[in-house]
Structure formats: structure tokens, C-alpha cells
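Q: Mind having a look at this structure? Questions to follow.
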Amino acid sequence: MTIATINEQIALHKKQLLHHSLYEKVQTPEDLHCFLETHVFAVWDFMSLLKALQQKLTCTTTPWYATKNAEVRYLINEIVLGEESDLTLDGKRQSHFEMYHQAMISCGADTSGIDKLLADIAELRNIFVAIKKSNLHPNIKAFLDFTFQTIEEGKTHKIAAAFTFGREDLIPAMFTEILRNFQENFPETDLRELIYYFERHIELDADEHGPMAMKMIAELCGDDAHKWQEVEETSILALEKRIGLWDAIEEQIMLKAALA
């Protein structure tokens, strides 16, 4: 099996995401806020997968020792550098999660959902208990549970699969066009930081991090057919959970519209 084969197997799921009816529902700043307030969990989740991979593929403890595969060590460290310490719109260094969080505040979205989960995790010191006790939509809980169960299982190639095939290229380029139209039609809503985030993240994924992540998968699986099979299964599950996340956002937007 190869990366090309995996892409063929997940093509239908990716098409569902890229053409999801959710995008048509994002028509007002309130709709956009609803999108951001749920999507932020995927941004944070992505960073968690990233750090799990760095812990697995490099030495992050002392005394230091050289991990076995220098190529994957390089690939993950390069991705971490971009995702955890990128340049913001005003030239400062931030992680992509921090950039997204700040962009939410700038455009008037509510960050209390993600903030509360992070506070609960810090207090409870158990991600699964924090997720279960939260008031999050069941689809958000399922999305997060899947990620952290995959991390907990500890199979590096499966973590890499969830990371690689659940990336932000699942958000079509047209979404930035929606944001630009919003900026024109709703000038009181400051979307500059949000537009920058999406453009920057999608640019990095397409030009650098996406190809690097694909190469990392190939290095981790090699000629092991069982690993490739698990990568395929994990990738499909990751995409199904992301579809569930999109369904949840659409449901919440429609519910707010019905109550208005």
C-alpha cells in the first residue's frame, strides 16, 4: 500500500467535507462565530496530535539520545517549528492555536468553551474525564475522544494518520473567500487575523507540512502491510469524526436561526 492508495480510499470522505452543506449556512457574523467556537477544538486537537508525534519521534527528555529515524525526526521538528512558533499578522511568534484563539476574540467570537475545557483538563489532570464532564456537543466529545484514544494507544503510525489526513486542507479555499466577503459586508467585524490564520495555515499545509506529513507516514509504515492498513482505517475514522464535527456546527447554526 502507498500514500496514493490511502488517498484513493479516503477520497469520498474528503469530498463530503469539502462539499459539506455547512459552508452554505455561514451567512452572518453570528453563524461565523458558531463555526469558530466549535472548529477551535479541531485546531487545539491538531496541536495535541503534533506534540504526541514529537514525543514519539524525537527525544524530549534528558538524558538525550538519538532516536532511530533521523528523517522522521527532521520532518516532525520542522512541522512543530511552523505550527508552534509561526509569525502572526503583526510579526510576533505564536502557535497556530494561539493565533486562532486571538482571531476569535478580535472578531467577537466566544472562547469560553475551549477555555473551560483547558481549565478543566488542568484541574482534573485527565483529558477523558474532562471531555465526559463537559457540556460540549456529543459530536465534539466523540471527535476529541477519538484523537486522545489514538494518542493513548501509542501507535505512532496511527497518530500520524490522524494528524496527516485530518488536516486543514479539509477546509476549502472558498472559505477564505467567504471571510473576505464577510469583511466587506460586515466591516464592523474585524476578520483580518482570522483571514491571515486560514491563509497561512492552508499555505503551510499545501507547500510544506502536508508533503512532509505524507513522507513521515511512508517512513513510519515502510513495507509493513499491517501498518498501512491501520493508517487507512485510522484516516477514515478521523475523517468521519470531522464530518460529525461539521454536522454539529451546522445543527447549531440552524437551531439558532430557528430560535431567532
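Q: Taking the Cα centre of the chain as origin and charging only Cβ (+1 Lys, Arg; -1 Asp, Glu), how large is the dipole, in debye to the nearest 20?
A: That gives a dipole near 720 debye.
Q: Sticking with this one: Treating only the Cβ of Lys, Arg, Asp and Glu as charged (+1, +1, -1, -1), what charge dipole size does segment 73-145 show about its Cα centre? Round to the nearest 20 debye.
A: Computed charge dipole of segment 73-145: roughly 300 debye.
Q: First measure r as the distance between the Cβ atoms of M254 and K116, then evaluate 1/(1 + (r/R0)^6) with R0 = 22 Å and state the FRET efficiency to the nearest 0.05.
A: Working from the Cβ atoms, E equals 0.35.
Q: Is any helix in the chain, taking whole DSSP H runs, at least 24 angstrom long along its axis by alpha carbon and on average at least -0.5 on the Kyte-Doolittle scale, and which ones?
A: Qualifying helices: 29-57, 225-259.
Q: Starting from 0 in steps of 10 Å, tell me what percent of the Cα-Cα pairs of segment 1-119 lands in each bin.
A: With 10 Å bins starting at 0, P(r) equals 11, 27, 35, 22, 5, 0.
Q: For an R0 of 22 angstrom, estimate the FRET efficiency from the Cβ-Cβ distance between Q9 and A225 and round to the nearest 0.05.
A: Calculated transfer efficiency: 0.95.
Q: Post the alpha-carbon centroid distance, segment 8-74 to segment 90-167, in whole angstrom.
A: Cα centroid of segment 8-74 versus Cα centroid of segment 90-167: 10 Å apart.
Q: Which residue, chosen from L57, L36, N69, occupies the Cα position most advanced towards the positive end of the dipole of segment 1-124, where the dipole is computed from +1 (Lys, Arg) and -1 (Asp, Glu) charges on Cβ about the Cα centre?
A: The one lying farthest along the dipole's positive direction is N69.
Q: Separate question: Mind scanning K133/K241; K68/K241; K132/K215; K15/K141 and naming the pairs with a C-alpha gap bigger than 25 Å?
A: In this structure, K68/K241; K132/K215 exceed 25 Å between Cα atoms.
Q: Now for a different question. Please work out the ratio of the alpha-carbon Rg of segment 57-137 to 2.2 N^0.38 Å and round it to two decimals.
A: 1.46
Q: Any chance you could look up the accessible area of S48 with a 1.4 Å probe, heavy atoms only, rounded to 10 Å²?
A: 20 Å²
Q: Please arrange T111, T60 by accessible surface area, largest first, computed with a 1.4 Å probe and ligands excluded.
A: Listed by decreasing accessible area, they come as T60, T111.
Q: Given a Förster radius of 22 Å and the C-beta distance between N181 and E30 as r, what FRET efficiency does 1/(1 + (r/R0)^6) yield to the nearest 0.05?
A: 0.90
Q: Sorted from largest to smallest, which semi-axis lengths in Å does the alpha carbon gyration tensor of segment 114-231 give for its equivalent ellipsoid, taking the root of 5 times each eigenvalue?
A: 30, 25, 11
Q: Would you mind giving the average projected area, over all directions, of the Cα convex hull of the chain in nm² with one decimal?
A: Computing the convex hull of the Cα atoms and averaging its projections yields 14.5 nm².
The values are calculated or read from the model by the stated rules, or taken from the named source; none is laboratory data. All figures in this text were calculated on a predicted structure; none of them were measured in a lab. Cβ coordinates were reconstructed from backbone atoms using ideal geometry, including for glycine residues, and neighbour counts include every protein chain displayed. Heavy atoms of the whole protein, side chains included, go into the accessibility calculation; ligands, DNA and RNA do not. Shrake-Rupley method; radii C 1.70, N 1.55, O 1.52, S 1.80 Å.
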